[in-house]
Amino acid sequence: MIKGSSCFFSNNILKLLFSLVIICSSNLSLAAGEKISYPQLNWTFSGILGTFDRASQQRGLQVYKEVCSGCHGMRLLAYRNLKSIGYNDDEIKAFAAENSVNTINDDGEVVERPARPSDKFVSPYPNDKAARAANGGAYPPDLSLIVKARADGANYLHALLTGYVDAPAEKKVPDGMYYNKYYSGNLIGMPQPLYDDGVEYADGTKATPDQMAKDVTAFLAWASEPEMEDRKQLGISVMLFLLLLTALSYFAMKQIWAPIKNQ
Amino acid sequence: MSKSKFKNPVVKWIDHRLPVFSFMDHELNHYPTPKNLNYFWNFGSLAGFALVTMIITGIVLSMNYTAHVDYAFDSVERIMRDVNHGWLIRYIHMNGASFFFIVVYIHIFRGLYYGSYKAPRELLWILGVLILLLMMATAFMGYVLPWGQMSFWGATVITNLFSAIPLVGESIVTWLWGGFSVDNSTLNRFFSLHFVLPFVIVGVVILHLVALHRFGSNNPIGIDVRGTQDTVPFSPYYTIKDLFGLSVFLSFFAAAVFFFPNFMGHPDNYIEANPMVTPAHIVPEWYFLPFYAILRAVPDKLGGVLFMFGAIAVLFILPWLDRSPVRSSQFRPIFKIFFWILFLDCILLGYLGAMPAEGIYVILSRIATAYYFFHFLILFPLLPYIEKTKPLPISISEPVLGGGSPASAFAMREKK
């Protein structure tokens, strides 16, 4: 009888804990997602074994550079970080040198020098106020962490970038605002950024808005979690080790306890 | 102590002067432990492991963290991006907090189910509740340190609760903040306290263990150990069982750290704190949600604060609220049903804490809060008078015998 009831207890609590996890995960997405649902895409980097698609990331960097970087900074990313999406030192040096940063020379004067690989991505505006002033009061957020800083970030971003449609007749769109079916409240300060052939891809990929949105999202997902591939790879080894440890300790436990259980 | 049990001459020499080895041998090796403990008794050692993990990762993080409103957010990102394996240390610490609470909550519910708080373990229980309270304070202040939007607004909402105190409330809040809003001085003091409180927790944990070892562990049938036939030495029986439990725990923990590190976090905390922009929903970390629901269930601010702290306060007096001499729910059929109602009630409160405070959620929060206090303040004291408990076994190693009224259960305890 005693054994039976403790078993009953364990089974029940497992079921309850399981439902707890379900409840938690569903309410997290509810609380953050505002009930707008986005198309769920099949990203190469999702899932336990997912990795980034280098070609897509590089195209994404091009989209960022030619389209987004006009207004959005990526202040947490350094040019040297581009090495992990497949660029070599010379390419990075040249890429960085297209921008310039302020520095103070030996005479104490503020002078400009070309950016170096060790510099962080140069932001388009000198400060937040300048950014706001240039964009009708709306602040273009820094994109370094954007995929982690939004619920279901990758899908959200792709949806947002491709979500510009004509506003329904009853919806008034004020000057300087644009209608986007995926933005919370539908009125966004950012004009539609991606048009057919907005960039010319070196690898010949057709630059549709959908393609560009996917590519820039792949790039930004990496920028948010540059450690992701290392993390998952290490995770696999750690899990294998722990499974082995669990199995060994289980059988050791059974063996040690055998005389007591058989009493 | 006449003949040393140690062969190694150095150990023998030291132990004669400073009996640390005897102490460890007594408390970790020979320490008699009931032989019928189930897996729910693993969670104490797991909590200890989680505490040590949090302290070690926390110390490493503090070496790379800058407690300043202008640099805190970026310094955390520097840890994530530039410090060698910084992402690993930080994700372990971040998810470690959640797992610490999961383990501790299971540990507490285990104590509730098996009556581990009853005489003679009242102080053991009270020290445990004190640890919970310290953990909550530590976790709350730790969450502020990355200086994201939820850090800032969570800190603002929670510290503002103290303004509900009559007359001195506003002054207390100013004193807590070290200024007139959550700002740099707030961040600095929270960092300082977040660093030091874990060591206070270690101190209370030591007292918790001293109290535990005074009478030993409770067990699933909740009756006292009658002799050596009921126990096994802690080592190797429970060291190996704890190792197995730890491996299972680590498997879940590692899965979260490596594959879903941000699942239990909030995306808004990857946006740097901005006092000018309030997030749409300010939600605390999941482990505070039941208390947050209680806070918001009460229409009056001061009342809400009192009920929220009251939800913890009732745990302190629990040993005297529960009048039944029978510890384990296995022999308390009605108590057992209500235990599961309480468990579901707490989960419901957690769910409600994450929902906006409007409409049906408010009504449900009030019902769930009322039940929580009903359970502890009314049900616990009254239940022994109406509940017919099942017959208790004579001992852990012997089968069930005789009667089954509350009276006989009382008598059973008198006899020994």
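Coordinate-derived values only; no laboratory data. Because the structure is predicted, anything quoted here is derived from the model rather than measured. Because the Cβ atoms are built from the backbone with ideal geometry, glycine has one as well, and the counts that use them run over all protein chains shown.
Proximity of backbone amide H atoms, modeled 1.01 Å from N, is registered between B:Gly148 and B:Ala273 at under 5 Å, excluding neighbours fewer than 5 places apart on the same chain. Taken as Cα centroids, segment B:335-367 and segment A:180-223 sit 43 Å apart, rounded to the nearest whole angstrom.
How well do other chains shield peptide B:76-87, expressed as the mean number of their Cβ atoms within 10 Å of each residue Cβ? Working shown, then result.
Details: counts 0, 5, 1, 0, 7, 9, 4, 0, 0, 4, 1, 7.
Mean partner-chain Cβ count within 10 Å for B:76-87: 3.
A dipole drawn for chain A from +1 and -1 charges on Cβ atoms has a positive end, and of A:Ala133, A:Ile48, A:Pro117 the residue lying farthest that way is A:Ile48. For segment A:39-49, 3J(HN,Hα) computed residue by residue from phi via the Karplus equation (6.51, -1.76, 1.60; θ = phi - 60°) reads x, 8, 8, 9, 7, 5, 9, 8, x, 5, 9 Hz, glycine and proline entered as x. Within the listed set B:Phe109, B:Phe263, B:Phe191, the Gaussian network model of chain B (springs between alpha-carbon atoms below 10 Å) gives the highest mean-square fluctuation for B:Phe263.
Ranked from largest, the principal axis spans of the Cα set of segment B:10-118 equal 53, 46, 22 Å.
B:Ser395 sits among other residues whose Cβ lies under 9 Å from its own Cβ, and their net charge, with Lys and Arg +1 and Asp and Glu -1, is -2.
Could you tell me which residue out of B:Tyr351, B:Ser365, B:Phe331 lies farthest along the dipole of segment B:283-416 toward its positive end? Charges go on the beta carbon: Lys and Arg +1, Asp and Glu -1, centred on the Cα centre. Sorting the options by dipole projection puts first B:Phe331. Using the alpha-carbon positions of segment B:37-281, Rg (one decimal) and Dmax (whole number) come out as 20.4, 67 Å. Evaluated with a Cβ-only charge set (Lys, Arg +1; Asp, Glu -1), segment B:283-416 carries a dipole of roughly 460 debye about its Cα centre, given to the nearest 20. The reciprocal of the average 1/r between distinct C-alpha atoms defines the Kirkwood hydrodynamic radius, which for segment A:176-263 equals 18.6 Å.
Normalised size of segment B:283-416, defined as Cα radius of gyration per 2.2 N^0.38 Å with N residues, equals 1.29. Centre-to-centre, using Cα atoms only, segment B:111-178 and segment A:115-136 are separated by 40 Å.
When the P(r) of the protein assembly as shown is calculated, the portion above 46 Å amounts to 30% of the C-alpha pairs.
Under Stokes-Einstein, with the Kirkwood radius over Cα pairs as Rh, the value for chain A at 10 °C and 1.306 mPa s is 71 µm²/s.
For chain B, the Stokes-Einstein estimate of translational diffusion at 37 °C and a viscosity of 0.692 mPa s comes to 138 µm²/s, using the Kirkwood hydrodynamic radius over alpha-carbon pairs.
Remark: for residue pairs A:Lys181/A:Lys206; A:Lys171/B:Lys301; B:Lys35/B:Lys388; B:Lys35/B:Lys336; A:Lys129/A:Lys181, the C-alpha separation exceeds 31 Å in A:Lys171/B:Lys301.
Have a look at A:Met212, A:Met177, A:Met253 and tell me which one the Gaussian network model of chain A (Cα, springs below 10 Å) gives the largest fluctuation. For chain A, modelled as a Gaussian network with Cα springs under 10 Å, the answer is A:Met253. Classified by the C-alpha gyration tensor, segment A:55-139 has an oblate form. Its axis ratio a/c, with a ≥ b ≥ c, is 1.5 or above, and a/b does not exceed b/c.
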